[in-house]
Amino acid sequence: RLRVAGTRARFTMSLILREEMQTLWTGTYEGDPSDPFAFVDELMPRLEGDVRLQTIQRDGDRLAHLSLNQLSVSELRARAASMFFKQTIPSWEDGLAALDRAVLLSPGDGMSLAMRAQSRLNLSAVKFSQLEPEVLTQMGKDLDVAVAECPTSDFVFWARGAYRLKVLGDLQGAASDIARSREINPNFIGIVDLIAQKAFLAGDY
């Protein structure tokens, strides 16, 4: 819905579950519509980021009744993403299992490799555990493959930047990946967190 009154415009978007006509999410955005092109240019990146978060979070719900062996590679990734948003250790472990299955089915799938690397880093952090050196080395190789396979993915560059920062302590390499991810999508929320972590490690409080 779009409402315009003078120099004020309010755009509202809702995601509705078609089968049940249940509203899953509603976002409201306001701006100055005097220049319609500028209004749209300002609105769309914010809208894209919000819709992306909602669809990633909920896409796996429709697959919840299926076992991992019944899912395709893309469905396994959706399952893992939905498990991430549940924010519990068991759900993250289930998500990692889904990504292990995705990589088994398609060893060169860049997005699966990047998601699995990030999943492993998340789990090791929340469990206060150390990953084996050979596992960390393989993660680095997997992320390089992911970047080569998905050169236009903000998430893939972000994931490798996180690895470079947290595992290698490579501030310069992380900065390069952060810049590339931000170039692809300036509104990718994960970049804000990574920039803050990089500044912290650099002592730039």
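Values for this structure:
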quantity	calculated
Qualifying residue in region 9-22 (condition: assigned to a strand (DSSP E or B), open to solvent by 70 Å² or more (accessible area, probe 1.4 Å) and over 29 Å from I191 (Cα atoms))	yes
Of all residues making up region 143-163, the number that are of a type outside the set (A, V, I, L, M, F, W, C) and over 17 Å from the mean Cα position of the chain (by Cα)	1
Only listed residue being open to solvent by 50 Å² or more (accessible area, probe 1.4 Å), in a helix (DSSP H, G or I) and touching a Gly at 6+ places or on another chain (Cβ under 8 Å), chosen from E42, E93	E42
Filter pass, L168 being under 19 Å from L123 (Cβ atoms) and either surrounded by fewer than 17 Cβ atoms within 10 Å (Cβ to Cβ) or at pLDDT 95 or above (or both)	yes
Residues of region 46-73 satisfying the condition of being of a type outside the set (V, I, T), open to solvent by less than 70 Å² (accessible area, probe 1.4 Å) and farther than 25 Å from Q22 by Cα	S67, L68, L71, S72
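The values are calculated or read from the model by the stated rules, or taken from the named source; none is laboratory data. Worth saying up front: this structure is predicted, and the values here are computed from it rather than measured. No Cβ is skipped: glycine too gets one built from the backbone with ideal geometry, and neighbour counts run over all protein chains shown. Quick note on the areas: whole protein, heavy atoms, side chains included, nothing else; ligands and nucleic acids left out. Shrake-Rupley method; radii C 1.70, N 1.55, O 1.52, S 1.80 Å.
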